[in-house]
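The values are calculated or read from the model by the stated rules, or taken from the named source; none is laboratory data. What you see is a predicted model; the values in this text were computed from it and never measured. Quick reminder, even Gly has a Cβ in these numbers, built from the backbone with ideal geometry, and neighbours come from all protein chains shown. Quick note on the areas: whole protein, heavy atoms, side chains included, nothing else; ligands and nucleic acids left out. Shrake-Rupley method; radii C 1.70, N 1.55, O 1.52, S 1.80 Å.
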Amino acid sequence: MRTKLNDIKNAAIGEIAEAKTSVELNDIRVKYLGKSGEISLIMRDMAKLPKEERPAFGKLVNELREVVEATLGEKTAQIAEKEKFARLKAEEIDITLPSDVRPLGTLHPLTKVRRELIDIFLGMGFSVDEGPEIESDLFNFQLLNIPKDHPSRDMQDTFYVNENIVLRTQTSAMQARIMTTQKPPIRVVIPGKVYRSDDDASHSPIFNQFEGLAIDRHITMGDLQGCLQTFAQKIFSKDTKVRLRPSYFPFTEPSVEVDVTCAMCHGKGCRVCKGTGWVEILGAGIVNPAVLEMCGIDSNEYSGFAFGFGIDRIAMIKYGIPNIKLLYENDVRFLAQFN
Ligand code: PHE
(Lines give C-alpha, C1' and ligand atoms only; values in the text may rest on other atoms or scores of the structure.)
Protein backbone atom coordinates (compact mmCIF):
# COMPACT_ATOMS: atom_id res chain seq x y z
CA MET A 1 0.00 0.00 0.00
CA ARG A 2 2.72 2.43 0.97
CA THR A 3 4.66 1.80 -2.23
CA LYS A 4 1.48 2.38 -4.14
CA LEU A 5 1.09 5.76 -2.40
CA ASN A 6 4.68 6.61 -3.26
CA ASP A 7 4.19 5.61 -6.88
CA ILE A 8 1.16 7.84 -7.14
CA LYS A 9 3.03 10.72 -5.57
CA ASN A 10 6.00 10.42 -7.93
CA ALA A 11 3.80 10.01 -10.98
CA ALA A 12 1.68 13.04 -10.06
CA ILE A 13 4.63 15.28 -9.32
CA GLY A 14 6.35 14.20 -12.51
CA GLU A 15 3.29 14.91 -14.61
CA ILE A 16 2.78 18.29 -12.98
CA ALA A 17 6.39 19.23 -13.71
CA GLU A 18 5.91 18.27 -17.36
CA ALA A 19 2.62 20.12 -17.83
CA LYS A 20 2.74 23.14 -20.13
CA THR A 21 -0.74 24.55 -20.19
CA SER A 22 -3.54 25.22 -17.73
CA VAL A 23 -5.68 22.74 -19.65
CA GLU A 24 -3.13 19.99 -19.09
CA LEU A 25 -2.91 20.93 -15.42
CA ASN A 26 -6.62 20.68 -15.06
CA ASP A 27 -6.58 17.20 -16.58
CA ILE A 28 -3.97 16.19 -13.99
CA ARG A 29 -6.13 17.62 -11.21
CA VAL A 30 -9.05 15.51 -12.34
CA LYS A 31 -6.88 12.42 -12.79
CA TYR A 32 -5.56 12.51 -9.19
CA LEU A 33 -7.87 14.65 -7.08
CA GLY A 34 -11.18 14.29 -8.92
CA LYS A 35 -14.13 12.38 -7.54
CA SER A 36 -12.96 9.15 -9.18
CA GLY A 37 -9.32 10.22 -9.27
CA GLU A 38 -6.55 7.95 -8.12
CA ILE A 39 -6.25 9.45 -4.64
CA SER A 40 -9.99 9.21 -4.04
CA LEU A 41 -9.98 5.61 -5.22
CA ILE A 42 -7.18 4.64 -2.88
CA MET A 43 -9.18 6.06 0.01
CA ARG A 44 -11.78 3.46 -0.81
CA ASP A 45 -9.13 0.70 -0.58
CA MET A 46 -8.76 1.62 3.08
CA ALA A 47 -11.74 -0.60 3.84
CA LYS A 48 -9.61 -3.63 2.96
CA LEU A 49 -7.09 -2.80 5.71
CA PRO A 50 -7.28 -4.08 9.29
CA LYS A 51 -9.03 -1.57 11.52
CA GLU A 52 -5.94 -0.52 13.49
CA GLU A 53 -3.94 0.36 10.39
CA ARG A 54 -6.62 2.57 8.93
CA PRO A 55 -5.90 5.86 10.84
CA ALA A 56 -2.20 5.83 9.93
CA PHE A 57 -3.00 5.04 6.30
CA GLY A 58 -5.64 7.76 6.21
CA LYS A 59 -3.10 10.24 7.44
CA LEU A 60 -0.65 9.24 4.67
CA VAL A 61 -3.29 9.59 1.99
CA ASN A 62 -4.17 13.06 3.31
CA GLU A 63 -0.53 14.05 3.23
CA LEU A 64 -0.30 12.81 -0.33
CA ARG A 65 -3.38 14.82 -1.25
CA GLU A 66 -1.88 17.93 0.31
CA VAL A 67 1.43 17.53 -1.49
CA VAL A 68 -0.26 17.04 -4.85
CA GLU A 69 -2.59 20.02 -4.23
CA ALA A 70 0.29 22.27 -3.22
CA THR A 71 2.45 21.29 -6.22
CA LEU A 72 -0.51 21.75 -8.55
CA GLY A 73 -1.27 25.15 -7.01
CA GLU A 74 2.26 26.39 -7.51
CA LYS A 75 2.46 25.22 -11.08
CA THR A 76 -1.00 26.62 -11.86
CA ALA A 77 0.10 30.06 -10.68
CA GLN A 78 3.26 29.85 -12.79
CA ILE A 79 1.43 28.81 -15.91
CA ALA A 80 -1.33 31.39 -15.42
CA GLU A 81 1.31 34.09 -15.28
CA LYS A 82 2.98 32.78 -18.44
CA GLU A 83 -0.31 32.51 -20.26
CA LYS A 84 -1.32 36.04 -19.26
CA PHE A 85 1.95 37.36 -20.57
CA ALA A 86 1.53 35.50 -23.87
CA ARG A 87 -1.99 36.87 -24.25
CA LEU A 88 -0.87 40.44 -23.63
CA LYS A 89 1.92 39.95 -26.12
CA ALA A 90 -0.54 38.67 -28.73
CA GLU A 91 -2.95 41.54 -28.15
CA GLU A 92 -0.26 44.15 -28.20
CA ILE A 93 -1.24 47.25 -30.18
CA ASP A 94 1.32 49.28 -31.99
CA ILE A 95 0.22 52.79 -31.17
CA THR A 96 2.77 54.22 -33.55
CA LEU A 97 0.88 52.80 -36.58
CA PRO A 98 -1.33 55.29 -38.46
CA SER A 99 -5.02 54.79 -37.54
CA ASP A 100 -7.85 53.98 -39.96
CA VAL A 101 -9.16 57.27 -41.27
CA ARG A 102 -12.88 57.65 -40.62
CA PRO A 103 -14.62 59.29 -43.55
CA LEU A 104 -15.97 62.71 -42.62
CA GLY A 105 -19.54 63.55 -43.55
CA THR A 106 -20.34 66.51 -45.73
CA LEU A 107 -23.08 69.09 -45.57
CA HIS A 108 -26.13 68.18 -47.63
CA PRO A 109 -26.44 70.47 -50.67
CA LEU A 110 -29.85 71.60 -49.38
CA THR A 111 -28.31 72.52 -46.03
CA LYS A 112 -25.55 74.44 -47.79
CA VAL A 113 -27.97 76.36 -49.97
CA ARG A 114 -30.35 77.01 -47.07
CA ARG A 115 -27.53 78.43 -44.95
CA GLU A 116 -26.34 80.57 -47.84
CA LEU A 117 -29.86 81.89 -48.40
CA ILE A 118 -30.30 82.70 -44.73
CA ASP A 119 -27.00 84.58 -44.75
CA ILE A 120 -28.06 86.64 -47.76
CA PHE A 121 -31.38 87.65 -46.20
CA LEU A 122 -29.92 88.31 -42.76
CA GLY A 123 -27.64 90.73 -44.60
CA MET A 124 -30.73 92.53 -45.91
CA GLY A 125 -32.25 92.92 -42.45
CA PHE A 126 -34.59 89.92 -42.41
CA SER A 127 -34.95 87.65 -39.41
CA VAL A 128 -35.47 83.87 -39.66
CA ASP A 129 -38.49 81.91 -38.40
CA GLU A 130 -39.82 78.37 -38.62
CA GLY A 131 -43.25 76.82 -38.33
CA PRO A 132 -45.12 73.53 -38.07
CA GLU A 133 -45.17 71.09 -40.97
CA ILE A 134 -48.53 69.74 -39.82
CA GLU A 135 -50.63 72.82 -40.29
CA SER A 136 -54.23 73.85 -39.95
CA ASP A 137 -56.26 74.55 -43.05
CA LEU A 138 -56.80 78.03 -41.61
CA PHE A 139 -53.16 79.12 -41.95
CA ASN A 140 -52.25 77.06 -44.99
CA PHE A 141 -55.27 78.20 -46.99
CA GLN A 142 -58.11 80.23 -45.51
CA LEU A 143 -56.18 83.22 -44.12
CA LEU A 144 -54.28 83.31 -47.40
CA ASN A 145 -57.49 84.04 -49.25
CA ILE A 146 -58.04 80.43 -50.30
CA PRO A 147 -61.45 79.51 -48.87
CA LYS A 148 -62.61 75.90 -48.72
CA ASP A 149 -63.78 74.62 -52.11
CA HIS A 150 -62.04 77.50 -53.88
CA PRO A 151 -60.77 76.36 -57.29
CA SER A 152 -57.27 77.69 -56.56
CA ARG A 153 -56.82 74.85 -54.06
CA ASP A 154 -56.31 72.68 -57.13
CA MET A 155 -52.99 74.51 -57.73
CA GLN A 156 -51.55 72.38 -54.94
CA ASP A 157 -52.19 68.69 -54.42
CA THR A 158 -52.72 68.57 -50.72
CA PHE A 159 -52.15 65.76 -48.22
CA TYR A 160 -55.07 66.11 -45.83
CA VAL A 161 -54.67 64.69 -42.31
CA ASN A 162 -58.33 65.41 -41.73
CA GLU A 163 -60.79 68.02 -42.89
CA ASN A 164 -59.04 70.82 -41.02
CA ILE A 165 -55.43 69.64 -40.80
CA VAL A 166 -53.00 69.35 -43.70
CA LEU A 167 -49.33 68.70 -44.29
CA ARG A 168 -48.44 72.25 -45.18
CA THR A 169 -48.28 72.70 -48.93
CA GLN A 170 -46.43 76.01 -48.71
CA THR A 171 -44.35 77.93 -46.22
CA SER A 172 -46.79 80.77 -46.99
CA ALA A 173 -48.77 79.28 -44.09
CA MET A 174 -46.21 81.02 -41.90
CA GLN A 175 -47.13 84.37 -43.47
CA ALA A 176 -50.55 84.04 -41.88
CA ARG A 177 -49.13 82.87 -38.57
CA ILE A 178 -46.73 85.80 -38.42
CA MET A 179 -49.19 88.46 -39.56
CA THR A 180 -51.77 87.36 -37.00
CA THR A 181 -49.26 87.51 -34.15
CA GLN A 182 -46.78 90.27 -34.99
CA LYS A 183 -47.05 93.98 -35.67
CA PRO A 184 -45.35 95.65 -38.63
CA PRO A 185 -42.64 96.43 -39.51
CA ILE A 186 -42.10 92.76 -40.37
CA ARG A 187 -39.13 91.39 -42.30
CA VAL A 188 -38.83 87.64 -42.06
CA VAL A 189 -37.76 84.63 -44.07
CA ILE A 190 -39.01 81.11 -43.35
CA PRO A 191 -37.19 78.04 -44.66
CA GLY A 192 -38.93 74.70 -44.22
CA LYS A 193 -40.26 71.43 -45.57
CA VAL A 194 -43.54 71.33 -47.45
CA TYR A 195 -45.58 68.46 -48.89
CA ARG A 196 -47.57 67.90 -52.05
CA SER A 197 -48.76 64.70 -53.70
CA ASP A 198 -46.66 65.35 -56.76
CA ASP A 199 -43.92 63.09 -58.10
CA ASP A 200 -41.68 63.41 -61.18
CA ALA A 201 -38.12 64.51 -62.11
CA SER A 202 -38.71 68.04 -60.86
CA HIS A 203 -41.34 67.34 -58.17
CA SER A 204 -40.95 65.39 -54.95
CA PRO A 205 -43.79 64.80 -52.45
CA ILE A 206 -41.53 66.41 -49.87
CA PHE A 207 -39.49 69.46 -50.74
CA ASN A 208 -38.10 72.59 -49.18
CA GLN A 209 -39.38 76.10 -49.58
CA PHE A 210 -38.06 79.47 -48.61
CA GLU A 211 -40.62 82.14 -47.86
CA GLY A 212 -40.07 85.87 -47.52
CA LEU A 213 -42.39 88.47 -46.06
CA ALA A 214 -41.88 92.21 -45.62
CA ILE A 215 -44.59 94.47 -44.24
CA ASP A 216 -44.17 98.14 -43.57
CA ARG A 217 -45.44 101.54 -44.67
CA HIS A 218 -44.97 102.30 -48.39
CA ILE A 219 -43.69 98.91 -49.51
CA THR A 220 -43.90 98.63 -53.30
CA MET A 221 -43.20 96.26 -56.17
CA GLY A 222 -39.90 98.14 -56.59
CA ASP A 223 -38.80 96.97 -53.13
CA LEU A 224 -39.66 93.40 -54.07
CA GLN A 225 -37.76 93.63 -57.33
CA GLY A 226 -34.68 95.15 -55.67
CA CYS A 227 -34.70 92.55 -52.93
CA LEU A 228 -34.98 89.66 -55.41
CA GLN A 229 -32.31 91.17 -57.67
CA THR A 230 -29.85 91.30 -54.77
CA PHE A 231 -30.75 87.78 -53.69
CA ALA A 232 -30.35 86.34 -57.22
CA GLN A 233 -26.97 87.98 -57.75
CA LYS A 234 -25.69 86.71 -54.43
CA ILE A 235 -26.90 83.13 -54.72
CA PHE A 236 -26.03 82.68 -58.44
CA SER A 237 -23.63 85.29 -59.82
CA LYS A 238 -23.15 89.03 -60.12
CA ASP A 239 -24.27 89.13 -63.74
CA THR A 240 -27.62 87.41 -62.98
CA LYS A 241 -30.64 89.37 -64.19
CA VAL A 242 -34.16 89.13 -62.81
CA ARG A 243 -37.41 89.34 -64.78
CA LEU A 244 -40.92 89.69 -63.38
CA ARG A 245 -43.92 88.32 -65.28
CA PRO A 246 -47.55 88.80 -64.30
CA SER A 247 -49.05 85.77 -62.56
CA TYR A 248 -51.72 84.80 -60.08
CA PHE A 249 -51.67 83.80 -56.42
CA PRO A 250 -54.72 84.28 -54.19
CA PHE A 251 -52.65 85.90 -51.42
CA THR A 252 -50.74 88.43 -53.53
CA GLU A 253 -52.15 91.16 -55.75
CA PRO A 254 -50.60 91.88 -58.12
CA SER A 255 -48.70 88.59 -58.37
CA VAL A 256 -45.59 87.84 -60.34
CA GLU A 257 -43.61 84.87 -61.53
CA VAL A 258 -39.89 85.57 -61.31
CA ASP A 259 -37.24 84.35 -63.76
CA VAL A 260 -33.48 84.66 -63.54
CA THR A 261 -30.96 84.43 -66.35
CA CYS A 262 -29.85 80.81 -66.66
CA ALA A 263 -26.96 80.02 -64.32
CA MET A 264 -25.60 77.44 -66.79
CA CYS A 265 -25.37 79.55 -69.98
CA HIS A 266 -25.73 83.05 -68.48
CA GLY A 267 -28.64 83.86 -70.74
CA LYS A 268 -27.30 82.53 -74.05
CA GLY A 269 -29.71 79.61 -74.15
CA CYS A 270 -28.96 75.98 -73.31
CA ARG A 271 -30.52 72.64 -72.41
CA VAL A 272 -31.24 73.68 -68.82
CA CYS A 273 -33.22 76.80 -69.82
CA LYS A 274 -34.64 75.07 -72.90
CA GLY A 275 -32.93 77.64 -75.12
CA THR A 276 -34.71 80.65 -73.59
CA GLY A 277 -31.85 81.98 -71.45
CA TRP A 278 -34.27 82.27 -68.49
CA VAL A 279 -35.33 79.91 -65.70
CA GLU A 280 -38.35 80.41 -63.50
CA ILE A 281 -37.44 80.34 -59.82
CA LEU A 282 -40.20 81.80 -57.71
CA GLY A 283 -43.64 83.23 -57.12
CA ALA A 284 -44.11 86.58 -55.44
CA GLY A 285 -46.23 89.68 -55.24
CA ILE A 286 -47.67 92.47 -53.18
CA VAL A 287 -49.49 91.04 -50.17
CA ASN A 288 -53.20 91.05 -51.01
CA PRO A 289 -54.88 93.75 -48.86
CA ALA A 290 -57.65 91.22 -48.18
CA VAL A 291 -55.03 88.97 -46.54
CA LEU A 292 -53.65 91.86 -44.46
CA GLU A 293 -57.15 92.62 -43.21
CA MET A 294 -57.98 88.95 -42.44
CA CYS A 295 -54.79 88.77 -40.40
CA GLY A 296 -55.57 91.97 -38.50
CA ILE A 297 -53.23 94.43 -40.25
CA ASP A 298 -54.63 97.76 -41.48
CA SER A 299 -54.24 97.71 -45.26
CA ASN A 300 -54.65 101.49 -45.48
CA GLU A 301 -51.57 102.01 -43.36
CA TYR A 302 -49.43 99.05 -44.37
CA SER A 303 -48.44 97.21 -47.47
CA GLY A 304 -46.03 94.37 -48.04
CA PHE A 305 -44.42 91.96 -50.42
CA ALA A 306 -44.06 88.23 -50.20
CA PHE A 307 -42.16 85.64 -52.17
CA GLY A 308 -41.66 81.92 -52.03
CA PHE A 309 -39.37 79.52 -53.84
CA GLY A 310 -38.09 75.97 -53.70
CA ILE A 311 -34.69 75.61 -52.05
CA ASP A 312 -34.40 72.37 -54.04
CA ARG A 313 -34.87 74.22 -57.30
CA ILE A 314 -32.22 76.76 -56.38
CA ALA A 315 -29.81 73.94 -55.51
CA MET A 316 -30.62 72.12 -58.76
CA ILE A 317 -29.96 75.25 -60.84
CA LYS A 318 -26.87 76.22 -58.86
CA TYR A 319 -25.24 72.77 -59.05
CA GLY A 320 -26.78 71.48 -62.29
CA ILE A 321 -28.62 68.62 -60.53
CA PRO A 322 -30.91 66.98 -63.10
CA ASN A 323 -33.37 65.17 -60.80
CA ILE A 324 -34.88 66.37 -57.51
CA LYS A 325 -34.90 62.76 -56.19
CA LEU A 326 -31.12 62.87 -55.89
CA LEU A 327 -31.59 65.35 -53.06
CA TYR A 328 -33.68 62.91 -51.03
CA GLU A 329 -32.05 59.52 -51.66
CA ASN A 330 -29.01 60.24 -49.48
CA ASP A 331 -26.60 58.35 -51.71
CA VAL A 332 -23.25 59.34 -50.18
CA ARG A 333 -21.54 59.12 -53.58
CA PHE A 334 -23.81 61.94 -54.73
CA LEU A 335 -23.63 63.93 -51.50
CA ALA A 336 -19.83 63.74 -51.24
CA GLN A 337 -19.55 65.85 -54.40
CA PHE A 338 -20.65 68.95 -52.53
CA ASN A 339 -17.71 68.96 -50.16
N1 PHE B 1 -46.63 79.80 -51.88
C2 PHE B 1 -46.48 79.93 -53.31
C3 PHE B 1 -46.22 78.53 -53.87
O4 PHE B 1 -45.92 77.64 -53.13
C5 PHE B 1 -45.33 80.83 -53.66
C6 PHE B 1 -45.59 82.26 -53.24
C7 PHE B 1 -45.15 82.71 -52.03
C8 PHE B 1 -46.24 83.14 -54.09
C9 PHE B 1 -45.37 84.01 -51.64
C10 PHE B 1 -46.45 84.43 -53.73
C11 PHE B 1 -46.01 84.86 -52.51
O12 PHE B 1 -46.34 78.32 -55.06
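Laid out as a table, the results:
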| quantity | calculated |
| --- | --- |
| Computed magnitude of the charge dipole of the range 41-159 (debye, nearest 20; Cβ of K, R +1, Cβ of D, E -1) | 1000 debye |
| Difference of contour (0.36 nm per residue) and Cα-Cα distance, MET221 to LEU122 | 33.6 nm |
| Helix-only CD estimate at 222 nm, as mean residue ellipticity for the chain, using -39500 (n - 2.57) per DSSP H run (n ≥ 4) | -12500 deg cm²/dmol |
| Listed residues LYS268, LYS193 arranged by accessible area, highest first, probe 1.4 Å | LYS268, LYS193 |
| ASN10 paired with ASP298, simple spin-label distance in nm, labels 7 Å along Cα-to-beta-carbon | 12.2 nm |
| Furthest towards positive pole of dipole, GLY320, MET221, ALA263, structure part the chain, Cβ charges | GLY320 |
| Hz values of 3J(HN,Hα) by residue in the range 267-284 - Karplus curve (6.51, -1.76, 1.60), Gly and Pro given as x | x, 6, x, 8, 5, 4, 9, 6, x, 8, x, 10, 10, 7, 10, 7, x, 7 |
| Helix axis angle, 22-33 relative to the chain longest principal axis, alpha carbon, degrees | 40 degrees |
| Carbon and sulfur %, accessible surface of the chain computed with the full protein complex present, 1.4 Å | 53 percent |
| ASN323-TYR160 FRET efficiency (beta carbon distance; Förster radius 41 Å; 0.05 resolution) | 0.90 |
| Residues with amide H under 5 Å from that of ASN288, placed H, sequence gap 5 or more | THR252, GLU253 |
| Highest average packing first - 91-104, 325-338, Cβ atoms within 10 Å | 325-338, 91-104 |
| Accessible area of HIS150 in the full protein assembly, 1.4 Å probe (Å², nearest 10) | 60 Å² |
| Computed magnitude of the charge dipole of the range 2-90 (debye, nearest 20; Cβ of K, R +1, Cβ of D, E -1) | 160 debye |
| Distant-in-sequence amide H partners of ILE165 (H built 1.01 Å from N, under 5 Å) | ASP137 |
| Most to least accessible of GLU116, GLU163 (protein chains only, probe 1.4 Å) | GLU163, GLU116 |
| Calculated from backbone phi, Karplus (6.51, -1.76, 1.60) coupling profile of the range 88-105 in Hz, x at Gly/Pro | 4, 4, 5, 8, 4, 10, 8, 6, 8, 6, x, 7, 5, 7, 7, x, 7, x |
| Sequence of HIS218, HIS203 from largest to smallest accessible area, 1.4 Å probe | HIS218, HIS203 |
| For VAL256, distant residues with modelled amide H under 5 Å away | SER247, ALA284, GLY285 |
| Pair ASP331, THR180: separation of 7 Å Cα→Cβ label points (nm) | 4.3 nm |
| Total charge dipole magnitude, the chain, about the Cα centre, Cβ charges on Lys, Arg, Asp, Glu only, Debye to nearest 20 | 1100 debye |
| Whole-number accessible area per residue in Å² for the range 211-339, which is evaluated in the context of all protein chains at 1.4 Å | 47 Å² |
| Label-point separation in nm, LYS84 to VAL272, each point 7 Å along Cα→Cβ | 6.8 nm |
| Most to least packed among 133-145, 78-90, 304-316, 36-48 [average Cβ atoms within 10 Å] | 304-316, 133-145, 36-48, 78-90 |
